[in-house]
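Input: a single structure, listed below in C-alpha coordinates.
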Amino acid sequence: MSEAVSTSTEASAVADFESGKVTVSPGDFRLVKFDGQQICDVVAEMAELVGIPNPIRIVVDETTPLARLLSELDGTSSDAQITIRAESGALEDTRRPTVFDHDRTATSIGRMLLRARDRMRPDFADVEPDIELSVEALAAWDAYSAGRLAQLGRPINQQRWLYNYRNRFGFSDDTDAAFERLWVADDIGWPDVMNP
Amino acid sequence: MRQFFPVEDLARDERFVQTNMAERLADTRTARPERVPKSKSRAASAKLTPDRREASDAARGLMHGIMTGEIQALEGAGRTAHDFAAGDGTNDTIPFELKLDMARQAWDEARHVEISAKLSDWMGTELGEFAENTVLFSAACSDDPVLRLAGVNRALEGLAIDVFTQMKEFGDLAGDPFLEFCEDWMLADEVTHVKMGSDWLRKVTANDPDRRAKALEFQRVVDKLFSFGGLRGDSDESPIALARRFRELAGFSDDEVEVISEMDRDALEERKAQVQLAQEAAGLQPEPV
(Lines give C-alpha, C1' and ligand atoms only; values in the text may rest on other atoms or scores of the structure.)
Protein backbone atom coordinates (compact mmCIF):
# COMPACT_ATOMS: atom_id res chain seq x y z
CA MET A 1 0.00 0.00 0.00
CA SER A 2 1.38 3.43 -0.92
CA GLU A 3 0.21 6.92 -1.60
CA ALA A 4 0.80 9.14 -4.62
CA VAL A 5 -0.06 12.72 -5.53
CA SER A 6 -3.60 13.10 -6.75
CA THR A 7 -4.43 14.19 -10.25
CA SER A 8 -8.03 14.83 -9.28
CA THR A 9 -9.69 18.20 -9.61
CA GLU A 10 -9.99 19.11 -5.94
CA ALA A 11 -8.62 22.46 -4.90
CA SER A 12 -6.24 21.08 -2.32
CA ALA A 13 -3.89 18.29 -3.35
CA VAL A 14 -5.06 15.11 -1.66
CA ALA A 15 -2.96 11.99 -1.98
CA ASP A 16 -4.45 9.10 -3.92
CA PHE A 17 -4.91 5.81 -2.17
CA GLU A 18 -3.22 2.79 -3.75
CA SER A 19 -3.52 -0.89 -3.04
CA GLY A 20 -2.17 -3.47 -5.47
CA LYS A 21 -3.29 -2.56 -8.98
CA VAL A 22 -6.05 -0.27 -7.74
CA THR A 23 -5.77 3.48 -7.18
CA VAL A 24 -8.52 5.56 -5.58
CA SER A 25 -8.77 9.31 -5.93
CA PRO A 26 -9.14 11.25 -3.74
CA GLY A 27 -7.33 9.35 -1.02
CA ASP A 28 -9.15 11.26 1.67
CA PHE A 29 -12.88 12.00 1.60
CA ARG A 30 -14.40 15.08 3.21
CA LEU A 31 -18.12 15.06 2.33
CA VAL A 32 -18.78 11.31 2.43
CA LYS A 33 -17.80 8.54 4.83
CA PHE A 34 -15.78 6.53 2.31
CA ASP A 35 -12.45 4.87 2.85
CA GLY A 36 -9.88 4.24 0.12
CA GLN A 37 -9.05 0.76 1.38
CA GLN A 38 -12.70 -0.29 1.38
CA ILE A 39 -13.08 0.86 -2.21
CA CYS A 40 -9.86 -0.86 -3.27
CA ASP A 41 -11.00 -4.10 -1.67
CA VAL A 42 -14.30 -4.08 -3.53
CA VAL A 43 -12.62 -3.18 -6.83
CA ALA A 44 -10.09 -5.98 -6.42
CA GLU A 45 -12.88 -8.42 -5.55
CA MET A 46 -14.89 -7.47 -8.62
CA ALA A 47 -11.84 -7.42 -10.93
CA GLU A 48 -11.10 -10.99 -9.91
CA LEU A 49 -14.75 -11.99 -10.34
CA VAL A 50 -14.98 -10.68 -13.91
CA GLY A 51 -11.42 -11.67 -14.80
CA ILE A 52 -9.69 -8.33 -15.34
CA PRO A 53 -5.93 -8.13 -14.59
CA ASN A 54 -5.52 -4.49 -15.68
CA PRO A 55 -4.52 -1.61 -13.40
CA ILE A 56 -7.64 0.26 -12.31
CA ARG A 57 -8.07 3.84 -11.23
CA ILE A 58 -11.24 4.94 -9.44
CA VAL A 59 -12.00 8.67 -9.41
CA VAL A 60 -14.83 9.56 -7.03
CA ASP A 61 -16.71 12.85 -7.27
CA GLU A 62 -17.81 13.35 -3.69
CA THR A 63 -19.42 16.72 -4.37
CA THR A 64 -22.58 15.16 -5.76
CA PRO A 65 -24.97 12.49 -4.45
CA LEU A 66 -25.86 11.52 -8.00
CA ALA A 67 -24.73 8.10 -9.20
CA ARG A 68 -23.40 8.46 -12.72
CA LEU A 69 -20.56 6.17 -13.73
CA LEU A 70 -18.10 6.39 -16.60
CA SER A 71 -15.56 3.83 -17.71
CA GLU A 72 -12.49 4.68 -19.80
CA LEU A 73 -9.73 2.54 -21.23
CA ASP A 74 -6.37 3.85 -22.46
CA GLY A 75 -5.73 0.86 -24.73
CA THR A 76 -6.88 -2.69 -25.32
CA SER A 77 -3.98 -4.70 -23.86
CA SER A 78 -3.94 -6.44 -20.50
CA ASP A 79 -1.82 -3.64 -19.02
CA ALA A 80 -4.02 -0.81 -20.32
CA GLN A 81 -5.32 1.30 -17.48
CA ILE A 82 -9.04 1.29 -16.75
CA THR A 83 -10.35 4.51 -15.25
CA ILE A 84 -13.76 4.51 -13.60
CA ARG A 85 -15.29 7.86 -12.73
CA ALA A 86 -18.01 7.53 -10.11
CA GLU A 87 -20.31 10.08 -8.56
CA SER A 88 -20.51 9.33 -4.86
CA GLY A 89 -24.14 8.16 -4.97
CA ALA A 90 -23.00 5.11 -6.93
CA LEU A 91 -21.01 3.86 -3.95
CA GLU A 92 -23.22 4.84 -1.02
CA ASP A 93 -25.85 3.15 1.10
CA THR A 94 -29.21 4.43 -0.18
CA ARG A 95 -30.61 3.98 3.33
CA ARG A 96 -27.79 6.01 4.89
CA PRO A 97 -26.67 8.75 2.51
CA THR A 98 -22.90 9.51 2.53
CA VAL A 99 -22.16 6.07 4.06
CA PHE A 100 -20.20 3.58 1.92
CA ASP A 101 -22.05 0.44 0.82
CA HIS A 102 -20.20 -2.69 -0.23
CA ASP A 103 -22.92 -4.29 -2.36
CA ARG A 104 -23.92 -1.13 -4.19
CA THR A 105 -20.27 -0.38 -4.91
CA ALA A 106 -19.69 -3.95 -6.12
CA THR A 107 -22.59 -3.70 -8.57
CA SER A 108 -21.53 -0.25 -9.79
CA ILE A 109 -17.88 -1.16 -10.23
CA GLY A 110 -18.71 -4.58 -11.66
CA ARG A 111 -20.82 -3.03 -14.42
CA MET A 112 -18.04 -0.59 -15.29
CA LEU A 113 -15.37 -3.30 -15.33
CA LEU A 114 -17.49 -5.40 -17.67
CA ARG A 115 -17.98 -2.35 -19.87
CA ALA A 116 -14.18 -1.85 -19.95
CA ARG A 117 -13.66 -5.52 -20.73
CA ASP A 118 -16.16 -5.27 -23.58
CA ARG A 119 -14.27 -2.31 -25.00
CA MET A 120 -11.19 -4.52 -25.36
CA ARG A 121 -13.10 -6.59 -27.96
CA PRO A 122 -12.86 -5.71 -31.66
CA ASP A 123 -16.63 -5.71 -32.01
CA PHE A 124 -16.84 -2.85 -29.49
CA ALA A 125 -14.05 -0.82 -31.10
CA ASP A 126 -16.37 1.73 -32.71
CA VAL A 127 -18.49 2.40 -29.64
CA GLU A 128 -18.52 6.06 -28.57
CA PRO A 129 -16.92 7.06 -25.25
CA ASP A 130 -19.23 6.58 -22.27
CA ILE A 131 -19.92 10.27 -21.87
CA GLU A 132 -21.27 10.46 -25.42
CA LEU A 133 -23.47 7.38 -25.26
CA SER A 134 -27.22 7.87 -25.59
CA VAL A 135 -29.50 6.90 -22.72
CA GLU A 136 -30.75 3.99 -24.85
CA ALA A 137 -27.22 2.67 -25.41
CA LEU A 138 -26.44 3.00 -21.71
CA ALA A 139 -29.63 1.15 -20.74
CA ALA A 140 -28.87 -1.69 -23.14
CA TRP A 141 -25.28 -2.00 -21.96
CA ASP A 142 -26.36 -1.83 -18.30
CA ALA A 143 -28.89 -4.62 -18.86
CA TYR A 144 -26.22 -6.77 -20.51
CA SER A 145 -23.71 -6.03 -17.73
CA ALA A 146 -26.12 -6.44 -14.81
CA GLY A 147 -27.29 -9.73 -16.30
CA ARG A 148 -23.74 -11.02 -16.46
CA LEU A 149 -23.13 -9.99 -12.84
CA ALA A 150 -26.24 -11.96 -11.88
CA GLN A 151 -24.89 -14.96 -13.82
CA LEU A 152 -21.69 -14.63 -11.81
CA GLY A 153 -23.67 -14.90 -8.59
CA ARG A 154 -23.97 -11.26 -7.58
CA PRO A 155 -27.29 -10.32 -5.93
CA ILE A 156 -28.95 -8.12 -8.57
CA ASN A 157 -32.51 -6.81 -8.63
CA GLN A 158 -33.48 -7.72 -12.20
CA GLN A 159 -36.66 -5.64 -12.06
CA ARG A 160 -34.63 -2.46 -11.50
CA TRP A 161 -32.77 -2.98 -14.78
CA LEU A 162 -35.89 -4.07 -16.62
CA TYR A 163 -37.62 -0.87 -15.51
CA ASN A 164 -34.68 1.21 -16.76
CA TYR A 165 -34.70 -0.68 -20.06
CA ARG A 166 -38.44 -0.17 -20.47
CA ASN A 167 -38.04 3.56 -19.80
CA ARG A 168 -35.65 3.74 -22.76
CA PHE A 169 -37.20 1.28 -25.21
CA GLY A 170 -40.88 1.36 -24.33
CA PHE A 171 -43.27 -0.61 -22.17
CA SER A 172 -44.15 -3.55 -24.42
CA ASP A 173 -43.80 -7.32 -24.71
CA ASP A 174 -41.19 -6.89 -27.47
CA THR A 175 -39.08 -4.73 -25.17
CA ASP A 176 -39.34 -7.30 -22.38
CA ALA A 177 -38.30 -10.10 -24.75
CA ALA A 178 -35.28 -8.10 -25.92
CA PHE A 179 -34.31 -7.41 -22.32
CA GLU A 180 -34.55 -11.10 -21.47
CA ARG A 181 -32.20 -11.97 -24.33
CA LEU A 182 -29.69 -9.40 -23.08
CA TRP A 183 -30.02 -10.59 -19.49
CA VAL A 184 -28.95 -14.15 -20.29
CA ALA A 185 -26.28 -13.22 -22.87
CA ASP A 186 -22.58 -13.42 -21.97
CA ASP A 187 -20.54 -13.11 -25.15
CA ILE A 188 -22.06 -10.75 -27.67
CA GLY A 189 -20.79 -7.77 -29.68
CA TRP A 190 -22.07 -4.19 -29.67
CA PRO A 191 -24.48 -4.66 -32.59
CA ASP A 192 -26.22 -7.44 -30.65
CA VAL A 193 -26.31 -5.34 -27.48
CA MET A 194 -28.23 -2.65 -29.34
CA ASN A 195 -30.40 -5.13 -31.25
CA PRO A 196 -30.68 -8.24 -29.10
CA MET B 1 -55.45 3.71 22.98
CA ARG B 2 -52.49 6.04 23.38
CA GLN B 3 -52.85 9.63 22.15
CA PHE B 4 -50.24 12.08 20.82
CA PHE B 5 -47.69 9.74 19.34
CA PRO B 6 -44.14 11.16 18.91
CA VAL B 7 -42.27 10.64 15.66
CA GLU B 8 -39.59 8.59 17.43
CA ASP B 9 -42.15 5.91 18.28
CA LEU B 10 -43.42 5.23 14.76
CA ALA B 11 -43.63 1.50 14.19
CA ARG B 12 -41.35 0.23 11.44
CA ASP B 13 -39.70 -3.12 10.84
CA GLU B 14 -35.96 -3.64 10.34
CA ARG B 15 -36.13 -2.89 6.61
CA PHE B 16 -36.67 0.81 7.22
CA VAL B 17 -33.99 3.32 8.23
CA GLN B 18 -35.30 6.72 9.26
CA THR B 19 -33.75 10.11 8.76
CA ASN B 20 -34.87 13.70 9.31
CA MET B 21 -34.37 17.14 7.83
CA ALA B 22 -31.38 17.95 10.05
CA GLU B 23 -29.52 14.90 8.78
CA ARG B 24 -30.59 15.56 5.24
CA LEU B 25 -29.38 19.15 5.29
CA ALA B 26 -26.11 18.07 6.89
CA ASP B 27 -25.32 16.27 3.63
CA THR B 28 -23.55 19.10 1.84
CA ARG B 29 -23.23 17.48 -1.53
CA THR B 30 -25.47 18.91 -4.18
CA ALA B 31 -27.53 17.23 -6.88
CA ARG B 32 -26.66 19.61 -9.67
CA PRO B 33 -27.84 18.87 -13.20
CA GLU B 34 -25.77 16.31 -15.05
CA ARG B 35 -22.70 17.47 -16.93
CA VAL B 36 -22.84 15.88 -20.36
CA PRO B 37 -22.44 17.39 -23.82
CA LYS B 38 -25.35 19.73 -24.50
CA SER B 39 -26.29 17.86 -27.67
CA LYS B 40 -27.00 14.78 -25.58
CA SER B 41 -28.89 16.31 -22.70
CA ARG B 42 -31.64 18.59 -21.49
CA ALA B 43 -29.23 19.84 -18.85
CA ALA B 44 -30.65 23.33 -18.93
CA SER B 45 -33.40 22.04 -16.66
CA ALA B 46 -33.20 19.84 -13.60
CA LYS B 47 -36.81 18.67 -13.94
CA LEU B 48 -37.24 14.95 -13.43
CA THR B 49 -37.99 13.71 -16.93
CA PRO B 50 -37.36 10.27 -18.49
CA ASP B 51 -34.67 11.56 -20.87
CA ARG B 52 -32.28 12.30 -18.01
CA ARG B 53 -29.49 9.78 -17.55
CA GLU B 54 -30.31 9.15 -13.90
CA ALA B 55 -34.08 9.26 -14.52
CA SER B 56 -34.96 5.66 -13.65
CA ASP B 57 -33.13 5.60 -10.34
CA ALA B 58 -34.30 9.12 -9.46
CA ALA B 59 -37.89 8.07 -10.15
CA ARG B 60 -37.42 4.96 -8.02
CA GLY B 61 -36.09 7.03 -5.15
CA LEU B 62 -38.92 9.54 -5.44
CA MET B 63 -41.51 6.75 -5.61
CA HIS B 64 -40.10 5.25 -2.43
CA GLY B 65 -40.28 8.67 -0.79
CA ILE B 66 -43.92 8.89 -1.86
CA MET B 67 -44.61 5.49 -0.34
CA THR B 68 -43.10 6.35 3.05
CA GLY B 69 -44.86 9.72 2.88
CA GLU B 70 -48.16 7.90 2.38
CA ILE B 71 -47.47 5.71 5.39
CA GLN B 72 -46.87 8.83 7.50
CA ALA B 73 -49.90 10.61 6.02
CA LEU B 74 -52.01 7.60 7.01
CA GLU B 75 -50.56 7.72 10.50
CA GLY B 76 -51.06 11.50 10.72
CA ALA B 77 -54.70 11.48 9.60
CA GLY B 78 -55.43 8.55 11.88
CA ARG B 79 -53.86 10.36 14.83
CA THR B 80 -55.91 13.50 14.23
CA ALA B 81 -59.11 11.46 14.04
CA HIS B 82 -58.23 9.83 17.37
CA ASP B 83 -56.23 12.38 19.38
CA PHE B 84 -58.98 14.98 19.83
CA ALA B 85 -62.46 14.63 21.34
CA ALA B 86 -65.52 15.58 19.29
CA GLY B 87 -66.82 19.06 20.04
CA ASP B 88 -67.31 22.50 18.58
CA GLY B 89 -63.67 23.02 17.64
CA THR B 90 -62.64 24.91 20.77
CA ASN B 91 -60.70 23.67 23.81
CA ASP B 92 -58.78 20.92 22.00
CA THR B 93 -61.89 19.46 20.39
CA ILE B 94 -62.68 19.00 16.72
CA PRO B 95 -66.06 18.77 14.99
CA PHE B 96 -67.23 15.21 14.54
CA GLU B 97 -67.49 15.79 10.79
CA LEU B 98 -63.80 16.69 10.78
CA LYS B 99 -63.07 13.35 12.46
CA LEU B 100 -65.02 11.63 9.69
CA ASP B 101 -62.99 13.47 7.05
CA MET B 102 -59.75 12.43 8.76
CA ALA B 103 -60.97 8.82 8.87
CA ARG B 104 -61.80 8.99 5.18
CA GLN B 105 -58.36 10.45 4.49
CA ALA B 106 -56.72 7.64 6.47
CA TRP B 107 -58.63 5.16 4.29
CA ASP B 108 -57.42 6.95 1.15
CA GLU B 109 -53.84 7.00 2.39
CA ALA B 110 -53.95 3.29 3.19
CA ARG B 111 -54.87 2.62 -0.43
CA HIS B 112 -52.11 4.98 -1.54
CA VAL B 113 -49.60 3.00 0.53
CA GLU B 114 -50.66 -0.20 -1.21
CA ILE B 115 -50.53 1.43 -4.64
CA SER B 116 -47.14 3.02 -3.95
CA ALA B 117 -45.69 -0.25 -2.65
CA LYS B 118 -46.83 -2.04 -5.81
CA LEU B 119 -45.51 0.74 -8.01
CA SER B 120 -42.16 0.53 -6.20
CA ASP B 121 -42.09 -3.20 -6.89
CA TRP B 122 -42.92 -2.51 -10.57
CA MET B 123 -40.00 -0.08 -10.73
CA GLY B 124 -37.57 -2.53 -9.14
CA THR B 125 -37.38 -1.02 -5.68
CA GLU B 126 -37.37 -3.00 -2.45
CA LEU B 127 -39.32 -1.75 0.56
CA GLY B 128 -36.91 0.21 2.73
CA GLU B 129 -34.32 0.52 -0.04
CA PHE B 130 -34.08 4.26 0.56
CA ALA B 131 -34.01 6.28 3.79
CA GLU B 132 -37.38 7.35 5.21
CA ASN B 133 -37.54 11.06 6.03
CA THR B 134 -39.88 11.49 9.00
CA VAL B 135 -40.43 15.21 8.49
CA LEU B 136 -43.93 14.51 7.19
CA PHE B 137 -45.19 12.89 10.37
CA SER B 138 -43.45 15.56 12.46
CA ALA B 139 -45.90 18.08 10.99
CA ALA B 140 -48.74 15.94 12.33
CA CYS B 141 -47.56 16.04 15.94
CA SER B 142 -48.88 19.46 16.96
CA ASP B 143 -51.14 19.72 20.00
CA ASP B 144 -53.43 22.03 18.01
CA PRO B 145 -55.55 20.22 15.39
CA VAL B 146 -55.74 23.39 13.30
CA LEU B 147 -51.96 23.44 13.01
CA ARG B 148 -52.11 19.83 11.86
CA LEU B 149 -54.62 20.81 9.17
CA ALA B 150 -52.30 23.58 8.03
CA GLY B 151 -49.13 21.50 8.21
CA VAL B 152 -50.42 18.17 6.94
CA ASN B 153 -53.44 18.84 4.74
CA ARG B 154 -52.29 22.07 3.16
CA ALA B 155 -48.47 21.93 3.21
CA LEU B 156 -47.79 18.17 3.08
CA GLU B 157 -50.68 17.24 0.82
CA GLY B 158 -49.91 20.32 -1.27
CA LEU B 159 -46.42 18.92 -1.82
CA ALA B 160 -48.05 15.60 -2.72
CA ILE B 161 -49.99 17.41 -5.45
CA ASP B 162 -46.71 18.75 -6.87
CA VAL B 163 -44.94 15.38 -6.68
CA PHE B 164 -47.82 13.35 -8.12
CA THR B 165 -48.21 15.78 -10.99
CA GLN B 166 -44.50 15.41 -11.77
CA MET B 167 -44.62 11.61 -11.55
CA LYS B 168 -47.80 11.42 -13.64
CA GLU B 169 -46.03 13.44 -16.34
CA PHE B 170 -42.96 11.20 -16.01
CA GLY B 171 -45.15 8.13 -16.59
CA ASP B 172 -46.86 9.78 -19.53
CA LEU B 173 -43.57 10.74 -21.22
CA ALA B 174 -42.01 7.32 -20.57
CA GLY B 175 -45.12 5.51 -21.82
CA ASP B 176 -45.50 3.75 -18.47
CA PRO B 177 -49.26 3.08 -18.27
CA PHE B 178 -49.28 1.94 -14.64
CA LEU B 179 -47.31 4.87 -13.27
CA GLU B 180 -49.37 7.46 -15.11
CA PHE B 181 -52.71 5.90 -14.18
CA CYS B 182 -51.88 5.35 -10.51
CA GLU B 183 -50.44 8.82 -10.02
CA ASP B 184 -53.47 10.41 -11.65
CA TRP B 185 -55.78 8.47 -9.36
CA MET B 186 -53.85 9.39 -6.21
CA LEU B 187 -53.55 13.00 -7.35
CA ALA B 188 -57.34 13.30 -7.39
CA ASP B 189 -57.44 12.17 -3.75
CA GLU B 190 -54.71 14.61 -2.73
CA VAL B 191 -56.59 17.55 -4.22
CA THR B 192 -59.56 16.48 -2.08
CA HIS B 193 -57.39 16.21 1.05
CA VAL B 194 -55.99 19.70 0.56
CA LYS B 195 -59.48 21.07 -0.02
CA MET B 196 -60.67 19.43 3.18
CA GLY B 197 -57.81 21.08 5.07
CA SER B 198 -58.52 24.47 3.54
CA ASP B 199 -62.25 24.26 4.31
CA TRP B 200 -61.85 23.02 7.89
CA LEU B 201 -59.14 25.52 8.69
CA ARG B 202 -61.50 28.34 7.68
CA LYS B 203 -64.47 26.87 9.55
CA VAL B 204 -62.74 26.04 12.80
CA THR B 205 -60.97 29.41 13.00
CA ALA B 206 -63.87 31.51 11.73
CA ASN B 207 -64.17 33.29 15.10
CA ASP B 208 -60.52 33.08 16.11
CA PRO B 209 -58.30 35.17 13.78
CA ASP B 210 -55.24 34.76 16.02
CA ARG B 211 -55.46 30.98 15.81
CA ARG B 212 -55.91 31.15 12.04
CA ALA B 213 -52.87 33.43 11.69
CA LYS B 214 -50.81 31.05 13.83
CA ALA B 215 -51.90 28.11 11.69
CA LEU B 216 -51.03 29.87 8.44
CA GLU B 217 -47.64 30.85 9.86
CA PHE B 218 -47.06 27.19 10.78
CA GLN B 219 -48.05 26.24 7.24
CA ARG B 220 -45.43 28.62 5.83
CA VAL B 221 -42.76 27.07 8.04
CA VAL B 222 -43.75 23.56 6.95
CA ASP B 223 -44.02 24.61 3.30
CA LYS B 224 -40.46 25.90 3.38
CA LEU B 225 -39.28 22.66 4.99
CA PHE B 226 -41.13 20.68 2.33
CA SER B 227 -39.38 22.62 -0.38
CA PHE B 228 -36.39 20.45 0.63
CA GLY B 229 -33.89 23.16 -0.16
CA GLY B 230 -35.45 23.96 -3.53
CA LEU B 231 -36.16 20.40 -4.65
CA ARG B 232 -39.68 21.64 -5.36
CA GLY B 233 -40.23 24.98 -7.11
CA ASP B 234 -40.81 26.93 -10.30
CA SER B 235 -37.09 27.20 -11.02
CA ASP B 236 -35.51 25.06 -13.74
CA GLU B 237 -33.05 23.99 -11.04
CA SER B 238 -35.85 22.28 -9.09
CA PRO B 239 -36.61 18.68 -10.11
CA ILE B 240 -40.26 18.95 -9.00
CA ALA B 241 -42.46 21.73 -10.36
CA LEU B 242 -45.08 23.64 -8.41
CA ALA B 243 -48.41 22.30 -9.74
CA ARG B 244 -50.25 25.62 -9.89
CA ARG B 245 -53.44 24.43 -11.59
CA PHE B 246 -54.09 21.54 -9.21
CA ARG B 247 -53.28 23.74 -6.22
CA GLU B 248 -55.88 26.18 -7.46
CA LEU B 249 -58.41 23.34 -7.65
CA ALA B 250 -57.48 22.41 -4.09
CA GLY B 251 -58.38 25.83 -2.74
CA PHE B 252 -55.06 27.70 -2.81
CA SER B 253 -55.41 31.33 -3.86
CA ASP B 254 -53.04 32.79 -6.46
CA ASP B 255 -51.38 34.83 -3.71
CA GLU B 256 -50.82 31.74 -1.58
CA VAL B 257 -49.22 29.88 -4.49
CA GLU B 258 -47.01 32.87 -5.20
CA VAL B 259 -45.85 32.95 -1.58
CA ILE B 260 -44.97 29.24 -1.77
CA SER B 261 -43.09 29.84 -5.02
CA GLU B 262 -41.07 32.64 -3.40
CA MET B 263 -40.29 30.44 -0.41
CA ASP B 264 -39.13 27.69 -2.76
CA ARG B 265 -36.82 30.16 -4.48
CA ASP B 266 -35.46 31.34 -1.12
CA ALA B 267 -34.96 27.77 0.04
CA LEU B 268 -33.08 26.93 -3.16
CA GLU B 269 -30.77 29.94 -2.85
CA GLU B 270 -30.16 29.27 0.85
CA ARG B 271 -29.33 25.65 0.10
CA LYS B 272 -26.97 26.57 -2.73
CA ALA B 273 -25.15 29.03 -0.48
CA GLN B 274 -24.96 26.45 2.32
CA VAL B 275 -23.55 23.80 -0.03
CA GLN B 276 -21.03 26.24 -1.50
CA LEU B 277 -19.78 27.26 1.93
CA ALA B 278 -19.57 23.68 3.19
CA GLN B 279 -17.65 22.46 0.14
CA GLU B 280 -15.23 25.39 0.29
CA ALA B 281 -14.73 24.74 4.01
CA ALA B 282 -13.90 21.13 3.15
CA GLY B 283 -11.18 22.35 0.81
CA LEU B 284 -13.06 21.34 -2.30
CA GLN B 285 -13.67 23.43 -5.36
CA PRO B 286 -17.33 22.95 -6.19
CA GLU B 287 -18.64 23.92 -9.56
CA PRO B 288 -21.04 26.87 -9.46
CA VAL B 289 -24.38 25.48 -8.34
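The values are calculated or read from the model by the stated rules, or taken from the named source; none is laboratory data. This is a predicted model, so every value here is computed, not measured. Cβ sites come from the backbone with ideal geometry, for glycine too, and all protein chains shown count toward neighbours.
Scanning the range B:64-77 finds no residues that are surrounded by fewer than 17 Cβ atoms within 10 Å (Cβ to Cβ) and either within 18 Å of B:Phe170 (Cα to Cα) or at pLDDT 90 or above (or both). Selection within the range B:176-196: residues that are touching a Phe, Trp or Tyr at 6+ places or on another chain (Cβ under 8 Å) and touching a residue at least 60 places away in the same chain (Cβ under 8 Å). The member of this set that is farthest from B:Ile161 (Cα to Cα) is B:Leu179.
Candidates in the range B:52-78 are the residues that are farther than 30 Å from B:Arg104 by Cβ and without any contact (Cβ under 8 Å) to a residue 60 or more places away in the chain; of these, the one that is farthest from the other protein chains (Cβ to nearest Cβ) is B:Arg52.
Reported count of residues in the range B:239-289, each being assigned to a loop (DSSP other than H, G, I, E, B), surrounded by fewer than 21 Cβ atoms within 10 Å (Cβ to Cβ), modelled with pLDDT of 85 or more and hydrophobic (A, V, I, L, M, F, W, C), is 1. Might you let me know whether the range A:108-123 holds any residue that is within 23 Å of A:Glu72 (Cβ to Cβ) and in contact with a Lys or Arg (Cβ under 8 Å, 6 or more places away or on another chain)? Yes, there is a match, as at least one residue in the range A:108-123 is within 23 Å of A:Glu72 (Cβ to Cβ) and in contact with a Lys or Arg (Cβ under 8 Å, 6 or more places away or on another chain).
The number of residues in the range B:133-161 that are of a type outside the set (Phe, Trp, Tyr), in a helix (DSSP H, G or I) and either under 12 Å from B:Glu217 (Cα atoms) or touching a residue at least 60 places away in the same chain (Cβ under 8 Å) (or both) comes to 19. Exactly one of these conditions fails for B:Glu258: (1) free of Cβ contacts under 8 Å to residues at least 60 places away in the same chain; (2) within 14 Å of another protein chain (Cβ to nearest Cβ). Give me its number. Only one criterion is unmet by B:Glu258, namely (2). Residue count for the range B:169-215 satisfying the condition of being farther than 19 Å from B:Leu156 by Cα and of a type in the set (S, T, N, Q): 2.
Looking at the range B:144-164, is at least one residue over 26 Å from B:Pro209 (Cα atoms), within 14 Å of chain A (Cβ to nearest Cβ), in contact with an Asp or Glu (Cβ under 9 Å, 6 or more places away or on another chain) and of a type outside the set (D, E, K, R)? Scanning the range B:144-164 turns up no residue that is over 26 Å from B:Pro209 (Cα atoms), within 14 Å of chain A (Cβ to nearest Cβ), in contact with an Asp or Glu (Cβ under 9 Å, 6 or more places away or on another chain) and of a type outside the set (D, E, K, R). Can you confirm whether the range B:96-111 contains a residue that is under 30 Å from A:Ala67 (Cα atoms) and either surrounded by 19 or more Cβ atoms within 10 Å (Cβ to Cβ) or of a type in the set (D, E, K, R) (or both)? No, that holds for no residue. Within the range B:44-55, the residues that satisfy the criterion of being out of contact with any strand residue (DSSP E or B) (no Cβ under 7 Å at 6 or more places or on another chain) and over 12 Å from A:Arg68 (Cα atoms) are B:Ala44, B:Ser45, B:Ala46, B:Lys47, B:Thr49, B:Pro50, B:Asp51.
If you scan the range A:31-46, which residues turn out to be hydrophobic (A, V, I, L, M, F, W, C) and either over 15 Å from A:Ala86 (Cβ atoms) or within 14 Å of chain B (Cβ to nearest Cβ) (or both)?
Hits for the range A:31-46 are A:Leu31, A:Val32, A:Phe34, A:Ala44.
All of A:Phe179, A:Phe171 fail the test of being part of a helix (DSSP H, G or I) and either facing another protein chain (nearest Cβ under 10 Å) or in contact with a helix residue (DSSP H, G or I) (Cβ under 9 Å, 6 or more places away or on another chain) (or both), apart from A:Phe179.
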